[in-house]
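To keep things clear, I will list the structure first and then write my remarks on it.
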Amino acid sequence: MRLDGIHHITCITGDAPANVDFYVRVMGLRLVKKTVNQDDPTVYHLFYADEEGHPGADLTFFEYPGARPGRAGAGMIHRIALRVGSPESLDFWARRLDGEGIATELHEACLRFADPEGLGLELIVDESPDAPLRANAPDVPAEHALRGFAGVRAYSADPERSRAVLGELLGFAAIGTAEDGAWESRGPRRGGFYAYDRAPSDPGIGGAGTVHHIAWASEDDDHAAWNERVTRGGLRTSGIIDRFYFRSIYFREPSGVLFELATLSPGFSADEAPGSLGERLSLPPAFEHLRAQIEATVRPLPNPRAATPAGS
């Protein structure tokens, strides 16, 4: 069994309308699913991705309105890396972000910045063999569009504690030197890196602008076997949970980061046509009876791309 790179990454926002504005209007992603947190259906769960909502490009957010700013610490992901096509794309994004008042730093072949709530992001020139996962934003040229996840960096006080779980249990491959503390999950379609940095002395605080968890892509037929394998490896899992758009298994790796294994199907077209993804509040069947209550609770959420047909 092999995990097929990153499936999705879920973060926290305190302001859904501003979050949509930044990731759709500024970053050029498509809002592919507007739904609710299935563990707390009073709050939004927003999914941004490429045009079809493929695993490997899904950046998602739970909205807790007015949430205090968070701070990444030990056992938390502190930076998300996204792929772009060329050094010229880094220049394009530096100019675009500067026009939005977002400070950037160029580090060799990557551009680092933070979203308006402080979530650490970087753009890396894509040298992978993976198919680019692009959205059709009206004012982002296709050659400069984001192309999916490259990987993440997490803080750990003791990365060695995670070596056996990452390398032996989950099948990640060590990359670089031992001091780099970097790994890659690569499957038949995609890959993504998972790297450690030394944790700061200040403890982490969950809140707006922090990462909640990272999900790795599992073949549908392997999912039950993964749950058994992780359990036999000594980690406590959630068991298999049906999230309607995919099935999930949750557990914490030894450094403290919350991992999810998520299936590649059925995907976001399970309840919306591909051409209209994200344009309505989608509720899995188990939550449909709560629609009136949920719609009265969550704020109206305009979509900057609603008037722009997919593929235009």
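Rule-based calculations on the coordinates, nothing more; no lab input. Not measured: the values here are computed from a predicted model. Cβ: placed from backbone, ideal geometry, glycine included. Neighbour counts: every protein chain shown.
Using the 10 angstrom Cβ neighbour count as an exposure proxy, how do His45, His289 rank, fewest first?
On the way: His45 21, His289 9.
Placing the least packed residue first, the sequence is His289, His45.
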### Task
Find the centroid of the Cα atoms in the range 36-57 and in the range 251-305, then give the distance between the two in whole Å.
4
### Query
From the backbone phi of the range 269-277, what are the Karplus-calculated ³J(HN,Hα) couplings (6.51 cos²θ - 1.76 cosθ + 1.60, θ = phi - 60°) in whole Hz, Gly and Pro given as x?
7, 4, 9, 9, 5, x, x, 10, 4
## Note on the structure
Spelling it out for Val32: with amide H atoms placed in the peptide plane at 1.01 Å from N, the residues 5 or more places away or on another chain with amide H under 5 Å from its amide H are Phe47, Tyr48, Ala49
### Task
Based on the mean of other Cβ atoms within 10 Å per residue, sort peptides 49-62, 8-21, 257-270 so the most packed one is first.
49-62, 8-21, 257-270
### Query
With Cβ to Cβ distances under 14 Å as the rule, what net charge do the other residues near Ala224 carry (K, R +1; D, E -1)?
-3
### Task
First select every other residue whose beta carbon is under 13 angstrom from the beta carbon of Glu272; then total the charges, Lys and Arg +1, Asp and Glu -1.
+1
#### Entry: ³J(HN,Hα) computed for each position of the range 82-90 - Karplus, 6.51 cos²θ - 1.76 cosθ + 1.60, integer Hz, glycine/proline x
10, 8, 10, x, 6, x, 5, 5, 4
### Message
Please give me the summed charge of the neighbours of Ile241: other residues whose Cβ is under 10 Å from its Cβ, Lys and Arg +1, Asp and Glu -1.
### Response
-1
